[in-house]
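Notes follow the structure.
The values are calculated or read from the model by the stated rules, or taken from the named source; none is laboratory data. Just so it is clear, the structure is predicted and the values come from calculations on it, not from any experiment. For neighbour counting, all protein chains shown are included, and Cβ atoms are generated from backbone atoms with ideal geometry for every residue, glycine included. Side chains included, ligands, DNA and RNA excluded: accessible areas come from the protein's heavy atoms. Shrake-Rupley method; radii C 1.70, N 1.55, O 1.52, S 1.80 Å.
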Amino acid sequence: MANISEEAANRIPLDFSSVKSLPDSHAWPHPGCSDGLSGSGSIPVVDLMDPNAMEAIGLACESWGAFQLNNHGIPLSLIEQVEVQATRLFTLPAHRKFKAQRSPGSITGYGPALISPFFPKSMWHEGFTIIGSPSDHAKRIWPYDHARFCEIMENYQKQMKKLAEEVTRMILKLVGVRDEEKEWVGSSESSGALQLNWYPPCPEPERAMGLAPHTDTSLLTILYQAQTSGLEILKQGEGWVPVRPHPGALVVHAGDLLHVMSNARFPSVLHRVTVNRTRQRYSFAYFYGPPQHCVISPPAFQNSVPRFRALTVKEYMDIKANNPDLALSSITIASTH
Ligand SMILES: C=C1C[C@]23C[C@H]1CC[C@H]2[C@@]12CCC[C@@](C)(C(=O)O1)[C@H]2[C@@H]3C(=O)O
Ligand SMILES: O=C(O)CCC(=O)C(=O)O
Ligand SMILES: [Fe+2]
């Protein structure tokens with residue numbers, strides 16, 4: 001995949017509310033069938049309150065890299081509040097949203113997905129990325145009326161962080177990470193980010209792409225998808241499998257840092273989003289992982305050969321930001337046999 005970021009930087013953002021047909025900039029050659037296969041089956045469902053939840057999570061991560069989580073303790077009322085605020089944001093006129101545009105080189109704010117520059121066509125999607133308080137960007141959109149938006153987004157991140165810690169503890173126990181290497185879990189050091197995603201209705205969904213295939217960089221992602229389907233994960237040997245929204249459930253994805261820390265026992269999952277002719281779609285993704293300065297590496301077992309070199313989270317993030325497709329293979333240790 002070529003980095004076509006210079007050309008991409010000059011792309012004119014599309015005002016989705018005014019388009020009646022699919023512009024060439026958003027028409028993908030074969031969006032729905034990149035491997036010609038369509039998978040069956042569906043990702044496992046895990047009940048967090050079940051005494052066997054940890055084992056179920058391990059099996060799901062080994063074979064699917066994703067699972068639906070029930071009984072997670074996040075109140076539906078909070079999720080609904082996030083939905084209200086996301087709707088309030090994304091239904092604003094384009095010129096209002098552009099006030100909160102992400103500045104070059106930074107992560108937070110409104111705009112296309114950060115991976116967009118690596119694809120030749122634009123995605124049928126808008127996003128808003130938050131780390132901690134979104135007040136800087138929210139104030140630009142709503143100078144006198146940003147407090148409620150900020151309060152809800154901060155509260156959601158707080159609750160998501162607690163849940164992510166609980167799931168991370170189980171996963172790192174399964175992986176066999178030593179206690180001193182997981183001191184960051186539950187500390188204020190850990191990194192979290194919230195991505196609000198909006199996929200408007202699309203006049204030609206067969207030729208458009210909501211979010212192009214990617215793996216998430218962090219350790220794990222906890223995703224809420226509102227009623228509309230569209231998310232698909234790639235299952236090895238099977239193809240693209242839809243992840244249908246279960247009312248009240250959250251989807252958990254294994255990310256690249258978990259891939260490395262588990263020595264590929266829990267591989268990060270490739271996923272994408274398709275779009276719909278009549279229905280818009282919202283999703284909220286919370287990314288959780290170790291702080292930037294942490295050194296990550298496969299666990300040191302006597303008889304297992306590490307497949308990745310040790311590196312800091314920051315170093316991995318930089319490698320991934322420059323070349324998402326080759327990031328994992330570029331830190332693979334060459335086999336000497
Ligand atoms: C902490 C993160 C995780 C990021 C980067 C940064 C904030 C925004 C995240 C996303 C959100 C949308 C998909 C993705 C692939 C993208 O383009 O931006 C994600 C990316 C990653 O997982 O790599
Ligand atoms: O919208 C979705 O269901 C997936 C979003 C996603 O993959 C992401 O934000 O990283
Ligand atoms: Fe993702």
Matching residues in the range 159-199 - criterion: being within 13 Å of I131 (Cβ to Cβ) and of a type outside the set (A, V, I, L, M, F, W, C): K161, S190, S191, G192, Q195
Boolean, R244 is within 17 Å of the chain's Cα centre (by Cα), within 26 Å of Y156 (Cα to Cα) and within 15 Å of ligand 2 (Cβ to nearest atom): yes
Filtered residue count, the range 227-239, keeping only those that are buried (at least 21 other Cβ atoms within 10 Å of the Cβ) and farther than 21 Å from G58 by Cα: 2
So T217, is it within 13 Å of ligand 3 (Cβ to nearest atom), assigned to a strand (DSSP E or B), polar (S, T, N, Q) and closer than 16 Å to F266 by Cα: no
Residue tally, condition out of contact with any Lys or Arg (no Cβ under 9 Å at 6 or more places or on another chain), open to solvent by less than 40 Å² (accessible area, probe 1.4 Å), more than 16 Å from ligand 3 (Cβ to nearest atom) and modelled with pLDDT of 95 or more, over the range 162-190: 6
Boolean, S135 is of a type outside the set (K, R) and open to solvent by 60 Å² or more (accessible area, probe 1.4 Å): no
Hits in the range 271-293 (condition: near ligand 2 (Cβ under 9 Å from one of its atoms) and either of a type in the set (A, V, I, L, M) or within 12 Å of the chain's Cα centre (by Cα) (or both)): H271, R272, V273, S283, F284, A285, F287
R96 vs. criteria crowded, with 16+ Cβ neighbours inside 10 Å and out of contact with any Pro (no Cβ under 8 Å at 6 or more places or on another chain): no
Failed item, numbered, when N263 is tested on (1) outside any strand (DSSP E or B); (2) touching a Phe, Trp or Tyr at 6+ places or on another chain (Cβ under 8 Å); (3) within 16 Å of ligand 1 (Cβ to nearest atom); (4) open to solvent by 20 Å² or more (accessible area, probe 1.4 Å): (3)
